[in-house]
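Values in this text are rule-based calculations from the coordinates and carry no lab data. Every value quoted in this text rests on a predicted model; they were computed, and no experiment measured them. Cβ coordinates were reconstructed from backbone atoms using ideal geometry, including for glycine residues, and neighbour counts include every protein chain displayed.
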Amino acid sequence: MSSADKNLSVFTTNGLPDISAKKFAIIVAEWNSEVTEKLFEGAYQTLTQYGASSENIERGNVPGSFELTLGAQWFAERADIDAVIALGVVIQGETKHNDYINHAVAQGITNVSLKTGKPVIFGVLTPNNMEQALDRAGGIHGNKGDEAAMTAIKMLGLQEMVLKGQV
Ligand code: DLZ
């Protein structure tokens, strides 16, 4: 299902873990900041709505999406951080740069997650134009930031169950 058919802010919420003591880092790309700020607001609001304490949410900015990977790694390597959410917008079609950036970030985020054993969430929009981006940043298709935060919460829940042998 493409995100055009799905509202990114609608998800199942049964069996979510207690995240009141979990610590999150949100990395935000400054490129296309009119969109990434909305992604941040969505992610922050979703984390607090489902039980995260605002003192347990840190934010780091990086210049563009390409730098999300290293920013995510610096946070994920910290012992006190439980999950990292990387937020960016790479508009396809504006430049061939998008192919390189998207692939590098997707691969890089996966690598950081596997290397650290922590959820590192790919909250990067790859729309064709700014209108599609805004539709997915609190517009008609919901907010990718909400979805990324909920993904982090669900992965922490799964991690807890796996560690306790409850799956
Ligand atoms: C260079 C570049 C371009 C062309 N497009 C985007 C974009 O759509 N979204 C984004 O987050 N960043 C873009 N960047 C910046 C790169 O991610 C990176 O910051 C620079 O290449 C570093 O010099």
Revision key, fill the gap. So the compactness index of segment 24-163, its C-alpha Rg divided by 2.2 N^0.38 Å, takes the value 0.98
Exercise for review: Would you mind working out the magnitude of the charge dipole of segment 10-139 relative to its Cα centre, with +1 at each Lys and Arg C-beta and -1 at each Asp and Glu C-beta, to the nearest 20 Debye?
Suggested key: 340
Check your understanding: So who's got an amide H within less than 5 Å of the one on Arg59, skipping anything under 5 residues away but keeping other chains? H placed 1.01 Å off N, in plane.
Key -> Ile26
Review point. For Trp74 and Glu41, what is the calculated FRET efficiency with R₀ set at 25 Å and r taken between the beta-carbons, to the nearest 0.05?
Key: 0.65
Practice item. Work out from phi, with θ = phi - 60° and the Karplus expression 6.51 cos²θ - 1.76 cosθ + 1.60, the ³J(HN,Hα) of each residue of segment 31-43, listed in order in whole Hz, and give x for Gly and Pro. Key: 5, 6, 5, 4, 8, 5, 5, 6, 5, 4, 4, x, 5
Check your understanding: What ranking do 31-40, 74-83 get when scored by the average of other Cβ atoms within 10 Å per residue, highest first?
Key -> 31-40, 74-83
Check your understanding: Can you list the residues, at least 5 places off or on another chain, whose amide H is less than 5 Å from the amide H of Val124, using H built in the peptide plane?
Key -> Gly88
Review point. If r is the Cβ-Cβ distance from Leu16 to Ala106 and R0 is 30 Å, what FRET efficiency results, to the nearest 0.05?
Key: 0.70
Point to revise | Taking Val89, Val105, Val167 and counting other C-beta atoms within 10 Å, the order from fewest to most | key: Val167, Val105, Val89
**Study point:** ³J(HN,Hα) computed for each position of segment 143-151 - Karplus, 6.51 cos²θ - 1.76 cosθ + 1.60, integer Hz, glycine/proline x
**Key:** 9, 4, x, 4, 4, 5, 5, 5, 5
Practice item. Would you mind ranking Met161, Met155 so that the residue whose beta carbon has the fewest other beta carbons within 10 Å leads the list? Key: Met161, Met155
**Study point:** Ranked list, fewest to most other Cβ atoms within 10 Å of each Cβ, for Thr110, Thr116, Thr12
**Key:** Thr12, Thr110, Thr116
Study note, to complete from the structure: Largest-first semi-axes in Å of the equivalent ellipsoid built from the Cα gyration tensor of segment 8-65 are 23, 14, 8
Check your understanding: What area, in nm² and to one decimal, does the C-alpha convex hull of segment 92-162 cast on average over all directions?
Key -> 5.3
